[in-house]
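Step one of this worksheet: look at the structure below.
The values are calculated or read from the model by the stated rules, or taken from the named source; none is laboratory data. Everything numeric here is computed off the predicted structure, so don't read it as measured data. Methodologically, a virtual Cβ is constructed for each residue, glycine included, from the backbone with ideal geometry; neighbour enumeration extends over all protein chains shown.
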Amino acid sequence: MSALVAPWPISLILEPEVFIPLVYPGLVVLTLTLLGIIWLERKLTAKVQRRYGPLYVARKLGGAAQPMADGIKFVFSEQIIPRNTDKLVFIFGPLLLFTFSILPVIGIPLSPGYTAIASDISLLIVVALVVIAPIVLLMVAWGSNNKFSLIGGLRDGYLMISYEVPIILSILAMAALYNSLDLIEIAEAQAGTWGIFLNPLAALAFFAAMLIATGRFPFEIAEAETEIVAGWTTEYSSALYMSNMGTSYTRMYVMAHLFTLVFLGGWNPLPGFLPASGLLPGLMILVKSLAVMGLMVLLRSIYPRFRVDQGVRIGWHKLFTLSMAAIALSVLLVASGVWG
Amino acid sequence: MGQKKERVILLGNLENAVRKVGTRLADMRPIRNIRNWGITFSLWPVPLTTACCGAEFAATMSPRFDMERLGVLPMASSRQTNVLIIEGTLTRKMAKAVKIIYRQMPEPKFVIAMGSCAADGGIFWNSYNIVRPKDVLPVDVFIPGCPPRPEAVIRAIMQLQDKIKRKLKYRMDAKERPRKRARRQRVSRGV
Amino acid sequence: MERVLRIASDTLKSVAKELAAEGFDHVKSLTGMDRPEEGLIELVYHISSYLNPALRGRIVEVRTEVDRSRPIINSISDVFPSCRYMELETRDLLGVKFEGNEEPDPLILPEELKNTWPLRKDYKIPEEGVE
Amino acid sequence: MRVKELGKDRRAETITLFIGPQHPGSGHLRLVVELDGDVVVGIRPDIGWVHRGVEKIAETKKFVQVIPLIERPSIIDSANMNVGYVRAVEKLLGVEVPDRARYIRTILCELNRIASHLYGIGIFGNMIGTSTIFMWSFGDREIIVELMQELTGARLTYSFFLPGGVKGDLPDGFEEKLEKGLRYIENRIPEYNALFIENPVTEDRLKGVGVIDREKAVQIGLTGPNLRASGVEYDARMVGEYGAYKDLGFKPVTRPEGDSFARLMVRFDEIDGSIGLIRKAIREMPQGPIMHERTKGMARQVLMKVPEGEAFSRVECGRGELTFFVVSKGGDKPHRVRMVTPSFRNLIGFETALVGHRLADVPTVYGSLDYFPPEADR
């Protein structure tokens, strides 16, 4: 790349400070991934359910244009703002929510040295940004002035306190193992053995907490259709609903990236044809995150959903214990000198 | 709450102007085609079952007929849907609910009346508690049959798609909906 | 139907209690029949038993009559809770008032048909055929 | 698992939720749920959204014309509705059904029961959030529907039983197809077991939820699988007033727990039972006429005058016991047709089963009661 002098717009885009928020893992790839993952979710579910799923919208591509058609439909449908809502919150809430849910990607590095914010606590930054969104969500749920929305928002609030602790504890367990809070160092440390093999307990706790955080089955509690219609997004239509839907998938996208970096070795192991620096190792991250997301959406076709009290109980009883055990395992590994 | 001054995002005529420009833009050629393509393959019905035809509608969603092939995906809240399928007889009590639900849906929206009862009463023609959907809503497609077979439901959806592709006039909101539309409906014949 | 009891409307409750003591535990059906020519509404209760194997095959038919212009009768839904909704339905469709089982809203009729009783014979609906 | 302590204090602020009629978890029914926090402290079903006045319309139609009418309220279980009415008319006419017709009735009724139970299981699965079970059971139901279509010519509304017998005999080669279909359903049941019944989430959601104990179930007059799930051994087929159940040696399935899980399992067990009954009926089916001499032929059916009298019949539908009370004044139209449908009798179960549980249990109990609103509203 050094031999070739790129014209300035391209070199500007290739700068990590621009590339990461805007292209990958930022907006462009995020949008494409969302379209893909929604299609994949519907197709996988259909496969388990012994049917075709979306098909005729683009026959040759197996209906891959379905999320696009839905998106266009939403853009061109009427934006209803119910009379009794708090208009400001109703309109700007979803946008704020989407912004907050996409913000954590700026902390995600693509390779050693290729990162938007070079910080030795980037892991903490990402986790801190991840857990802001639910607070905005509560606000949105309140602003809709609808009982179902409110119940959905409250459920999300309840769950928030039960998944955040396991998330942070299992992350801490890994941080203790790698002796670092820098995502680059963490990923580099997994060049030999992936975190998921070092501390499977932490990986399990994090994965389950991730399911609760992103509202995937069996923890699709805040949007439980047959109980509270569409939960906190009941009153939304058109583009704002699309943004809400995007938010829930964006949270999944971000968490999957975090899982990849902390537990699945990030860009390791690099295949030979990829350079070890620059932005191309990001491809490995993308592939792994897609696999994680695929697994998350596949659960839709397998599990019913839990009740909210059961979700909270699982968070506090099972995942909390599990993540504490993960910390103990990490300490044991480090203290015994097996690792580190 | 009553005392509170209403907050408006776009003030006065600006909002109106934006609406007009938006409508005009959305009706121009390439945009119109893209829009119609999107709507055609994204007909999301309301989860409303008015009577027993719902059994056949559910069968249409089942793996054997799989409505999702055509992009039809039943959605939870009426705000996020654009097709109202009246599944069978419409009773007086339900008709009121249906009216509210229709008003809750965003434009552009379509109505399919399923079954003989929804067309003209069917076997319950002389009941004291039914209304004809065509008196309540502007129906786009009728499906004959008591109950219609799932194939007929799929056919109706394809007819609706055809209709959207050919002649969908775009409205940004439901304020001035012409009443005449109720009379212009087409009855689908035969299966 | 080996057993048919024709009783006066004011003894209904005591008969119900006797039947309950005999082992009959639920009401299968409550039918109201309008007889305008006699000025009566006839109520037919079909009572049977789930728990007692000897009574399972048997159904007791309790018949009673109320005045059509003042159709009021005691509710037996405290003895047999299973007939609570049947009584409310009969109230809606025939206008019989069951004392002790009252709800302000109609059960199955819409609000606008609140004080019409479709199952009475003088409520006409169109019929098929040439007149 | 009930939270009784919280449910007691009504003075605390409660939320009233209107669930339905347009709600993914309601169907054509409105549940007015009063919530204290997340706990249901009061529930009132608001029905009548599909009340079409079947009983009144029946008085304007001829006896044979009433058959399609009374099928409509429970369209997914129409053969069982049909047989109930036809039994009542036969009692009025005083005709005995030929043996072969009784066996054919049994086969169609049991097939329809399987279809109806699969429908209920599918809706139940959807209610607690697993769309896969909905899709699977609706897909498998198509097999049964196809078999019934082969036999009667219609997917859902068969009108196959007429007073005095059945419309047609088994078509050629039906036995083989039937056996193939039944074997398919049998082979599918283990897959449901693996994905749904033994799923830990399902057990967590269903066990101990919506318990109706034996005494309470009898007192409020529950019926059908819901009653049998509470440990009461009653089934209208036991009485043997119709079909060939007496000859086939029918035994009802019961479970003692009375919770949502038991109600689900009773349905699965009854599918097994129905498959056994159909096989036995096919094996033991006698030869002979399929229609009584006095009601043979279109003209006799249409011009049928039914002698004055009253008749009461009870049959077991997919959802429970259905009773008909038909009164004739000697004309060609019934004077009064009273049908008390199983869903209408199960309606009272909502209150009993739900108070004290959480909001998320409302669809669970709804699905487990297998309540079908058009059937209740008529």
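Of note:
- Taken over the stretch A:102-122, the criterion of being of a type in the set (Gly, Ala, Ser) and surrounded by fewer than 24 Cβ atoms within 10 Å (Cβ to Cβ) is satisfied by A:GLY113, A:ALA116, A:ALA118, A:SER119.
- Residue that is surrounded by the fewest Cβ atoms within 10 Å (Cβ to Cβ) [pool: residues in the stretch D:85-137 that are hydrophobic (A, V, I, L, M, F, W, C), within 30 Å of A:LEU298 (Cα to Cα) and more than 17 Å from the chain's Cα centre (by Cα)]: D:PHE134
- Criterion (within 29 Å of A:LEU44 (Cβ to Cβ) and in a helix (DSSP H, G or I)) met by exactly one of A:ALA173, A:ALA187, A:ALA128: A:ALA187
- A:PRO269 of a type outside the set (Phe, Trp, Tyr), away from chain D (no Cβ under 14 Å) and assigned to a loop (DSSP other than H, G, I, E, B): yes
- Reported count of residues in the stretch B:105-125, each being in a loop (DSSP other than H, G, I, E, B), surrounded by fewer than 24 Cβ atoms within 10 Å (Cβ to Cβ) and away from chain A (no Cβ under 14 Å), is 2.
- Options D:MET298, D:MET285, D:MET265; residue that is at pLDDT 80 or above, more than 19 Å from the chain's Cα centre (by Cα) and of a type in the set (A, V, I, L, M, F, W, C): D:MET285
- Yes/no for B:MET94 being in contact with a helix residue (DSSP H, G or I) (Cβ under 8 Å, 6 or more places away or on another chain) and at pLDDT 85 or above: no
- Of residues in the stretch D:337-378 being over 12 Å from the mean Cα position of the chain (by Cα) and among the basic types (Lys, Arg), the one surrounded by the fewest Cβ atoms within 10 Å (Cβ to Cβ): D:ARG358
- Counting only residues that are more than 7 Å from chain D (Cβ to nearest Cβ), touching a residue at least 60 places away in the same chain (Cβ under 8 Å) and within 21 Å of B:ILE101 (Cα to Cα), the stretch B:48-72 holds 3 of them.
- Within the stretch A:201-259, the set of residues being among the charged types (D, E, K, R), buried (at least 24 other Cβ atoms within 10 Å of the Cβ) and within 18 Å of A:LEU159 (Cα to Cα) comprises A:ARG216, A:GLU227, A:ARG251.
- The set of residues from the stretch A:221-239 being touching a Leu at 6+ places or on another chain (Cβ under 9 Å) and either at the interface with another protein chain (Cβ under 10 Å from one of its Cβ atoms) or of a type in the set (Asp, Glu) (or both) comprises A:ILE221, A:GLU227, A:ILE228, A:THR233.
- Members of the stretch A:54-69 found to be surrounded by fewer than 21 Cβ atoms within 10 Å (Cβ to Cβ) and either among the β-branched types (Val, Ile, Thr) or on the phi > 0 side of the Ramachandran plot (or both), listed by number: A:GLY62
- Taken over the stretch D:25-46, the residue count meeting the criterion of being under 13 Å from D:TYR366 (Cβ atoms) and at pLDDT 80 or above is 8.
- Considering residues of the stretch B:76-95 that are within 8 Å of another protein chain (Cβ to nearest Cβ) and without any contact (Cβ under 8 Å) to a residue 40 or more places away in the chain only, the residue farthest from D:GLN22 (Cα to Cα): B:ARG92
- Residue match in the stretch D:191-214 (condition: at pLDDT below 85, under 22 Å from C:CYS83 (Cβ atoms) and in a helix (DSSP H, G or I)): no
- In the stretch A:1-58, residue farthest from the chain's Cα centre (by Cα) [restricted to those that are assigned to a helix (DSSP H, G or I) and of a type in the set (Phe, Trp, Tyr)]: A:TRP8
- Among the candidates B:LYS165, B:LYS180, residue that is within 13 Å of chain A (Cβ to nearest Cβ) and either at pLDDT 80 or above or assigned to a helix (DSSP H, G or I) (or both): B:LYS165
- Check on C:ARG56, free of Cβ contacts under 8 Å to residues at least 24 places away in the same chain and of a type in the set (Lys, Arg): yes
- Residue in the stretch A:88-101 that is outside any helix (DSSP H, G or I) and surrounded by 18 or more Cβ atoms within 10 Å (Cβ to Cβ) present: no
- Residues of the stretch A:227-241 satisfying the condition of being touching a Lys or Arg at 6+ places or on another chain (Cβ under 9 Å) and either assigned to a loop (DSSP other than H, G, I, E, B) or over 9 Å from B:SER77 (Cβ atoms) (or both): A:GLU227, A:ILE228, A:ALA230, A:GLY231, A:TRP232, A:THR234, A:GLU235, A:TYR236, A:SER237, A:SER238
- Only one of the listed residues (B:TYR102, B:TYR128) is in a helix (DSSP H, G or I) and of a type in the set (Ser, Thr, Tyr). That residue is B:TYR102.
- Looking only at the stretch D:248-271, and only at residues there that are charged (D, E, K, R) and free of Cβ contacts under 8 Å to residues at least 40 places away in the same chain, the one that is surrounded by the fewest Cβ atoms within 10 Å (Cβ to Cβ): D:LYS251
- Complete set of residues in the stretch C:71-101 that are assigned to a loop (DSSP other than H, G, I, E, B) and either closer than 13 Å to C:ASP34 by Cα or within 14 Å of another protein chain (Cβ to nearest Cβ) (or both): C:PRO71, C:ILE76, C:SER77, C:ASP78, C:VAL79, C:PHE80, C:GLY95, C:VAL96, C:ASN101
- The stretch A:284-338 - residue that is more than 14 Å from chain D (Cβ to nearest Cβ) and not in a helix (DSSP H, G or I) and, of those, modelled with the lowest pLDDT: A:VAL338
- Which listed residue, of A:LEU137, A:LEU201, is touching a residue at least 12 places away in the same chain (Cβ under 8 Å) and over 30 Å from D:TYR366 (Cβ atoms): A:LEU201
- Residue match in the stretch B:33-41 (condition: more than 9 Å from every other protein chain (Cβ to nearest Cβ) and within 12 Å of the chain's Cα centre (by Cα)): no
- Flag for A:GLU41 being away from every other protein chain (no Cβ under 12 Å), acidic (Asp, Glu) and more than 22 Å from B:PRO30 (Cβ to Cβ): no
- Of the candidates D:LEU222, D:LEU170, the single residue that is surrounded by 18 or more Cβ atoms within 10 Å (Cβ to Cβ) and either modelled with pLDDT under 85 or more than 13 Å from every other protein chain (Cβ to nearest Cβ) (or both) is D:LEU170.
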